[in-house]
Amino acid sequence: MVIKRTALALTATLAVSGAHQQTALADETEWSGFVEQATHYRDDIGLSKFRTLGQLEGLKFIGNVGPFSNVSVNGVLRVSYDQVHRLNSKDYGDEAGGQAFVNSYGLANIGAPTSIPANGSGLGPAGGLAVGNFAVINILGPRVEEIVGAPPGAVSGPLGANTFLDGYINNPNEGMITLGDHLRPHGAGVAFGVPVRPCDVDSRGCIKDYMDFDENELASPEIYSDRLDWLRELYVDATLLGQGDNEINFRLGKQQVIWGRTDLFRVLDIINPVDFSRNNIYDELEDIRIPMWMLTTDFRFGPTGVFDDLNAQIVWNFDQFRPNNLGQCGTPNVILDAGCFFRGMKNLWDNGGTVANFAPFDPADPSKGLLATNFGPNTIGIRNVNLPEWSLSNTQLGIKFEGVYGDLGWSINAMTYRSQLPSLRAGGVEVVNPFVGGPAQTWDHLIAFDVYFPRINMFGGSVDYYSQSIDTVFRVEAAYTQGEEFANTLREELYSESDVFRFVIGADKNVFFRPLNNRRAFLLSAQLFGQHLVDHEIEQATLGKVGMPDWETNFIGTFLIKGWWLADRLSPQLIMAYDFRAGAFVAEPSIDWLISDNWQVIFKANIKTGGEDEVFDDCRLCNPFGPFTTSIPPLPEHGNGTVSGSAGLGGFEPLGRFRSGPIGMAAKEDELQLIVRYRF
């Protein structure tokens, strides 16, 4: 409570400080800050952000302390309050969601409706309606009161009953959406109901210490954080002088460490995790990096040998591990829709539920013969998320050498760190066979997961070069990683490792467009990002491709044009990005108007198109419980029906998201954004 009261006091201080200009309280102390109001309006949704944010930055210069010189203390405090969860509670608050519906295309064969409510309305042996092959299903099923062991008052679903009755008791069909229905009705592929209300209102699917934010934490993440996020940065700088030009600079505390020379997509800039829940990938990295407690040591050697300048840096991130914030389902920004997949899968493990089009009713024509299937608790989904606990071996260490040679700047980088993105590992989760019972054991190709954050080793470097003859800066950045994990339906564990090569090539140039402005040049900046999975695996199966959904090689191009008028107080710009393999495009035009030294207004539009139709193998025909989960007749991948392995039946959910990318997955999230900022 002391922390929360301190942060609230800071909010009040920021609110009443607006009348002050940047001020020196004494010769050794400086402070400045801003208060801003950000309002976002999303197409077909309405209000998607109404955030008031205050930030206070301070510098205390101390001077010499023992052998150290230039000692200073730097701090950044930030608090915010987003009212969207209350002002738009039907989409993002305690009234969000409703009944979830999933498709069951096979019901068309008997003339029944193919869209059914989730949770308790599906069909299939995992719900206990038949013992045997998925194709052998009692369409009507017994009433719940006829099932031995049914609790008093239990009722059957409209098409059949689920003997795993926790689905009725703990997982009611309310406060939910269907996974992926923001891109297409009822989702596609392995779709199911996902709870969307804040975790203090509805705890279903909330993952402890990872995706379990209540309404207060969503509205004011800094104030209610258990990681002191209102204290955004706090570090001490000091210099230790050596002989001649040599010196050693230390920075100790909570900070951002910026490697690399590019923006938007990170290649070398991997030290700090990122908060994508603020505005997907579209906010400045300076604002969405999550500062960590670190020690950085810079060795400055000055001119050395053939180099005009030579430096080295050692970074030790000794903070407790923290992953990227991907956004929690039920909030406006959920990158790749991953937060919804995680919450829905956790809910399936805890409470069971109905999965769309899972059982192959007619294997001769799977597109027409699929039936929604009920799964009981502890059968499929996400069991645990294993966040690394603090230990010396779990800290992260990096080193960088950089120098200047004429017009050429360069760096060589290496780091060992924990992946900030989650990896889903199957094969280690023990499950009771829902067809025959017996002791729990592990099953190949079963979509039951534990989540891990593997250790990664990264090696890379960067070069920038200024060409005087064409007045252009060229930038090249590359990184090679070992230890990253990716979904892979070819493997029994449904994941595999792959080395990854990433690069970016960029160029910046100032160009005059005289008819538009004959006094000020426009900035043109272009970048091409590339990613190649060295150990990519993909094969053609009977019904489609199986293996790794991520593209083996993909490119994303970006282009920026920015101009200035009115003594640089009015600055329009246009940023565009295109994902080549997904066919996804985004354009963000904006106008930045510095009305005075204090007042600033920024108006943006964020428009996206394409990329939302990618499909990939979703493991519906992986046959983990053979022969009960194979088709009739068994497909070649299943041998005599007892062999597990995917036959390649694909859908958009859940793995198509990796092919759509962050732009394609947000194709239905066009927004208008207005930011009003007061600096003091």
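The values are calculated or read from the model by the stated rules, or taken from the named source; none is laboratory data. Predicted model, so just to flag it, every value in this text is computed and none were measured. In this analysis, Cβ positions are derived from the backbone assuming ideal geometry, glycine residues included, and neighbour counts consider all displayed protein chains.
Within the range 96-110, the set of residues being assigned to a strand (DSSP E or B) and touching a Ser or Thr at 6+ places or on another chain (Cβ under 8 Å) comprises 101, 102, 103. Determine if the range 619-627 includes at least one residue that is touching a strand residue (DSSP E or B) at 6+ places or on another chain (Cβ under 8 Å), at pLDDT below 95 and closer than 24 Å to residue 182 by Cα. Yes, the range 619-627 contains at least one residue that is touching a strand residue (DSSP E or B) at 6+ places or on another chain (Cβ under 8 Å), at pLDDT below 95 and closer than 24 Å to residue 182 by Cα. As a summary of the residue check, residue 623 satisfies the conditions (1) surrounded by fewer than 24 Cβ atoms within 10 Å (Cβ to Cβ); (2) on the phi > 0 side of the Ramachandran plot; (3) not aliphatic (A, V, I, L, M) except for the one numbered (1).
Here are some residues: 235, 224. Which one is outside the structural domain of residue 479 (by TED's automatic domain parsing) and under 22 Å from the mean Cα position of the chain (by Cα)?
Numbers: 235 fails: under 22 Å from the mean Cα position of the chain (by Cα).
On inspection, the qualifying residue turns out to be 224.
Within the range 483-493, if we keep just the residues that are of a type outside the set (Ser, Thr, Tyr) and touching a Gly at 6+ places or on another chain (Cβ under 7 Å), the residue that is farthest from residue 559 (Cα to Cα) turns out to be 492.
If you filter the range 47-95 down to residues that are more than 23 Å from the chain's Cα centre (by Cα), among the small types (Gly, Ala, Ser) and in a strand (DSSP E or B), you find that the one that is surrounded by the fewest Cβ atoms within 10 Å (Cβ to Cβ) is 63.
Does residue 587 qualify as being modelled with pLDDT of 95 or more and over 30 Å from residue 678 (Cβ atoms)? In short, no.
Check 70, 64 and return the single one that is at positive phi and modelled with pLDDT under 95.
Numbers: 64 fails: at positive phi.
Of 70, 64, the one residue that is at positive phi and modelled with pLDDT under 95 is 70.
Just one of (1) out of contact with any Gly (no Cβ under 7 Å at 6 or more places or on another chain); (2) buried (at least 18 other Cβ atoms within 10 Å of the Cβ); (3) assigned to a loop (DSSP other than H, G, I, E, B) fails for residue 588. It is (3).
So that you can scan it fast, the table gives a plain yes or no per residue for (1) among the aromatic types (Phe, Trp, Tyr); (2) under 30 Å from the mean Cα position of the chain (by Cα):
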residue: 534; (1), (2): no, yes
residue: 539; (1), (2): no, yes
residue: 556; (1), (2): no, yes
residue: 569; (1), (2): no, no
residue: 575; (1), (2): no, yes
residue: 579; (1), (2): no, yes
residue: 597; (1), (2): no, no
residue: 603; (1), (2): yes, yes
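I need the full set of residues from the range 204-242 which are basic (Lys, Arg) and not in a loop (DSSP other than H, G, I, E, B), in order please.
First pass over the range 204-242, keeping only residues basic (Lys, Arg): 204, 208, 227, 232.
232, the sole residue that qualifies.
The set of residues in the range 441-463 being within 22 Å of residue 343 (Cβ to Cβ) and either touching a helix residue (DSSP H, G or I) at 6+ places or on another chain (Cβ under 9 Å) or assigned to a strand (DSSP E or B) (or both) consists of 447, 448, 449, 450, 451, 452.
Of the residues making up the range 243-294, those that are part of a loop (DSSP other than H, G, I, E, B) and of a type in the set (Asp, Glu) are 245, 263, 269, 283, 284.
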